[in-house]
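Below is one structure; the comments refer to it alone.
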Amino acid sequence: MAVGEDERSRMGFVFDTINDFKGQKKTRDMLDAKLYYWGENPTINRYEKMVYDLEGKAHPDMYTANHKIASKFFGFLVDQEVSYLLGNGVAFNKDATKKALGATFDEDIMDAARHALIGGQSFVFWNLDHIQVFAPEQFVPLYDEEDGALKAGIRFWQIDPDKPLRATLYEMDGYTDYIKPRNGEVRSLNGKLPYKLKVRYSEIDGTEIYDGENYPGFPIIPLKNGEQARSELCGRKNTVDALDLASSNMVNNVDEGNLIYWVLTNCGGMDEVDDAKFVERLKTTHVAHADGDEGAKATPQSIEAPFQGTQATIDMLTKKLYTDFQAFDASAVTAGNQTATAIKASYVPLDLKTDKFESCVSRCIKGILAVAGLDDDPTYTRNQIINKQEEAQTVLLGAEYYDDEYITKKLLTILGDADQFEDLMRRKAAEELDRTITNQPPNEPQNQPGEEINGNGET
């Protein structure tokens, strides 16, 4: 089938847009943030130790240790917030809603939240009976110039540089799949298709697509981290770099031992190159010759590495990161038997941050429900460390003021079994009904002493 000019123009637009998106600083920042999440600090990996000659020129230091210790601090804090908000799953008012969203909805929405915190936003596609998550570095949103709403987008991926580049253009009235081979022309795989296909099957003709329809709105909903859709790493990256650099320097000092330098006497003929060779020979053979005038000698001097100062710096930076990220420091409350009040107080910064992100997640989920034709509201149970014994005792102390249903629900929530409440209440109701039936007097009339009963059951 010949490709028309309109279709050629569409294909050119799709791949030109992808190339432009790849070259943007915002996209490079997304990719860097993902490396930080996985504990592969790109700043530390690019860091090179330098030495300076007598003329002030910098040269790579090839003779001293240069370990590159990257922490996974950013990844830990992202996972903490995601687990805190969504670790217990998303609940709805109607049992049918959760079933309609698919068996993996909780895991998928956690994945979407994780991408949003790392890269600033993610995109959730309602695909007939489940959601599909698009990472921000693999999706180009196309916003309407009139109202700013997301009404189109391009998802692209390439599993290997030697493999074809795949792309899908999503529009209000359907989607189109494209492929760009490494050495070949771009082509459409199937033309534009509706989001919901109607098929019929006959033994004679086989499967046939006979009709299709689309959703009432655009089926891709953004999940933004705040109004600005910014990564959690923004404003904190330099502190993470400083922590990783301090850790790297400490390991370098351990590798080098005590910092040793040499005082060369009567070796005036040696230049910077000779000095470097002298140090390198010490590292390899542990023997060095000082060439110079009569009486030439080399005397070692040592400087102890500032371990205490470096450790104090690491501790200070770690504490600052917990504060800047508004994270929960578990080590501060698990060191001793903390009261429930003290534990709750430690969660205040994380609660304040999570409140904002919860509204973003709810906005995304409500958008999914609207596209799927479901009417419901999401609710969350935050995944807190608690003093279960103290919490349970507090509930039981107020037992005289609450009904059994309230007490049961609170205790199950403390124990992490809140999802068992409905089943437990049904079992209790069935047991109560069974006891009531068992204790009822028999329906047959019972004769009293001295009374006789005739054949009609009358006294």
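The values are calculated or read from the model by the stated rules, or taken from the named source; none is laboratory data. As the structure is a prediction and not an experimental result, all values here were calculated from the model. Heads up, the Cβs are rebuilt from the backbone with ideal geometry, glycines too, and the neighbour counts pull from every protein chain shown.
Taking region 48-95 as the search range and keeping residues that are among the hydroxyl-bearing types (Ser, Thr, Tyr) and out of contact with any helix residue (DSSP H, G or I) (no Cβ under 7 Å at 6 or more places or on another chain), which one is surrounded by the most Cβ atoms within 10 Å (Cβ to Cβ)?
Filtering first and then ranking leaves Ser83.
Does Pro216 count as at pLDDT 90 or above and part of a strand (DSSP E or B)?
no
Considering only strands (runs of 3 or more DSSP E) fully contained in region 96-148, which possess at least 1 residues that are free of Cβ contacts under 8 Å to residues at least 12 places away in the same chain?
139-143
Regarding region 41-57, can at least one residue be identified that is in a helix (DSSP H, G or I) and within 30 Å of Ser359 (Cβ to Cβ)?
No; the residues of region 41-57 include none that is in a helix (DSSP H, G or I) and within 30 Å of Ser359 (Cβ to Cβ).
Name the pairs: first residue in region 67-78 and in a helix (DSSP H, G or I), second residue surrounded by fewer than 17 Cβ atoms within 10 Å (Cβ to Cβ), Cβ to Cβ under 7 Å, at least 6 apart or on different chains?
Partner pairs satisfying both residue conditions: Gly75/Trp38; Gly75/Gly39.
Residues that are over 30 Å from Lys151 (Cβ atoms) and either at pLDDT 90 or above or touching a His at 6+ places or on another chain (Cβ under 7 Å) (or both): list the helices (runs of 4 or more DSSP H) wholly contained in region 289-405 that include at least 2 such residues.
Those helices (runs of 4 or more DSSP H) span 307-324, 348-372.
Tally up the residues in region 304-332 that are hydroxyl-bearing (Ser, Thr, Tyr) and exposed (fewer than 13 other Cβ atoms within 10 Å of the Cβ), please.
2
Can you find a residue in region 410-429 that is β-branched (Val, Ile, Thr), at pLDDT 80 or above, assigned to a helix (DSSP H, G or I) and surrounded by 10 or more Cβ atoms within 10 Å (Cβ to Cβ)?
no
Would you confirm, using the coordinates I've provided, whether Val186 is buried (at least 17 other Cβ atoms within 10 Å of the Cβ), farther than 26 Å from Gly120 by Cβ and aliphatic (A, V, I, L, M)?
So Val186 passes the test.
Could you identify the single residue in Phe92, Phe156 that is among the aromatic types (Phe, Trp, Tyr) and under 30 Å from Lys353 (Cβ atoms)?
So the residue among Phe92, Phe156 that is among the aromatic types (Phe, Trp, Tyr) and under 30 Å from Lys353 (Cβ atoms) is Phe92.
Keeping to region 149-180, report how many residues are small (Gly, Ala, Ser), in contact with a Leu (Cβ under 9 Å, 6 or more places away or on another chain) and not in a strand (DSSP E or B).
Counting residues in region 149-180 that are small (Gly, Ala, Ser), in contact with a Leu (Cβ under 9 Å, 6 or more places away or on another chain) and not in a strand (DSSP E or B) gives 0.
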